[in-house]
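First the structure, in the form of structure tokens, and then the observations on it.
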Amino acid sequence: MMVDVRTKPAIAFALALASVCCGHLPSRNARVDPSLGKFIPPDTTMLLDAHLDRLRNTAVYRKYADQLAPRQQVAGVTPDDVAEALVCSDGKNTEVFTRISRSDVGAKLRSSGRVLTHYNGADIYGDGKESFVLLEPDVAAAGALSSVKSVIDQSKRGEGGIPAALQPVLANLPAQDQIQAAMVGGIPGLEGITADNPNFGNLVRLAHSIESASLGVQADSDIRIHARADCHSEEDARQVHDALRGFIGLARLTAPANRPELVKIYDAINVTREKAVVNVTAQFAAQDLDALSGLLKNR
């Protein structure tokens, strides 16, 4: 998902803030909780939803918590309080919605003196770079100031909800997944990549051949990943399939001889094609995650 660099601090800030609230909520099995889903902007083409309350109960999260979550606090809110985080984008603007549980969040924020402005009956908090608002006692939204104002206006009009085009894409994912992502209409901003490096031309062309895509992650003592790309044609799907298999094969061949655990990671990734659909699945055991964690640390 492409995120404007100006929104990155707001996203981190929102995740810490929204954390203020959730750790003791009962687990929910919906793909996107209705309390967040009703605020999704109608022009959203990409979303990422993380049920952190369910993820937090897994052995994987407990082991890698320091790497998976930031440690900052906002007005007494800690990341361990986040129940669910939902990131939405139309390719240009990005908003982060968070589900929280404590009813004293508003009072804590007001006492922190961080009110940036009052707009359409709502208090917007932040410092001009990072803005967020409590839409309901248990729901916060964050992003650029203009995006937050747009979310407020939309909520006042009663608009919002998972766009019709994204609904069948999300339906491809098991509701038990703690992390789900969906996209329709291609990945924006790729033309800039080819301008900097023409060698990426084929990669951009392949990306544009994908009509919609979904990704699900289910964690317990291991991690299971499944992704699906619906392409415009069977030929497009064949090229995406072959490119993915080629990339994995190349990575396997170039793995250092003294790192056999990396070869095992690449071997765990399975790429298949059925007509115009490409599926990618992978399952990583605990020892595989240790190797993968070490690989990412060395990057």
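Cβ-Cβ under 9 Å, sequence separation 6+ or interchain: first residue in segment 148-164 and farther than 12 Å from Val133 by Cα and free of Cβ contacts under 8 Å to residues at least 60 places away in the same chain, partner among the hydrophobic types (A, V, I, L, M, F, W, C) and not in a loop (DSSP other than H, G, I, E, B). Which pairs?
Hits for this filter: Lys156/Ala122.
Based on this model, can you work out whether Ala164 counts as out of contact with any helix residue (DSSP H, G or I) (no Cβ under 8 Å at 6 or more places or on another chain) and under 25 Å from Thr281 (Cα atoms)?
So Ala164 does not fit the description; no.
Give the residue that is nearest to the chain's Cα centre (by Cα), with candidates limited to residues of segment 262-273 that are surrounded by 15 or more Cβ atoms within 10 Å (Cβ to Cβ) and charged (D, E, K, R).
In this case the residue turns out to be Arg273.
Take Ile40 and tell me if it is β-branched (Val, Ile, Thr) and modelled with pLDDT under 95.
Judged against the criteria, Ile40 is not a match.
One line per residue, one yes/no per condition, for (1) under 21 Å from Asp33 (Cα atoms); (2) touching a strand residue (DSSP E or B) at 6+ places or on another chain (Cβ under 8 Å); (3) at pLDDT below 70:
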| site | (1), (2), (3) |
| --- | --- |
| Asp66 | no, no, yes |
| Val74 | no, no, yes |
| Val87 | yes, yes, no |
| Gly91 | no, yes, no |
| Ser103 | yes, no, yes |
| Gly113 | no, no, yes |
| Asp123 | no, yes, no |
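Which one is farthest from Arg31 (Cα to Cα), of the residues in segment 202-238 that are buried (at least 18 other Cβ atoms within 10 Å of the Cβ) and over 23 Å from the mean Cα position of the chain (by Cα)?
For segment 202-238, the residue satisfying everything is Asp236.
Is at least one residue of segment 90-112 without any contact (Cβ under 8 Å) to a residue 24 or more places away in the chain and assigned to a strand (DSSP E or B)?
no
For segment 215-235, give me each residue that is of a type in the set (Asp, Glu) and within 19 Å of Ala182 (Cβ to Cβ).
Asp230
Within segment 208-223, can you find the residues that are more than 20 Å from Val32 (Cβ to Cβ) and in a strand (DSSP E or B)?
Passing the criteria: Ile210, Glu211, Ile223.
The values are calculated or read from the model by the stated rules, or taken from the named source; none is laboratory data. These numbers were taken from a predicted model, which means no experiment stands behind them. Glycine gets a Cβ as well: all are built from the backbone with ideal geometry, and neighbour counts include every protein chain shown.
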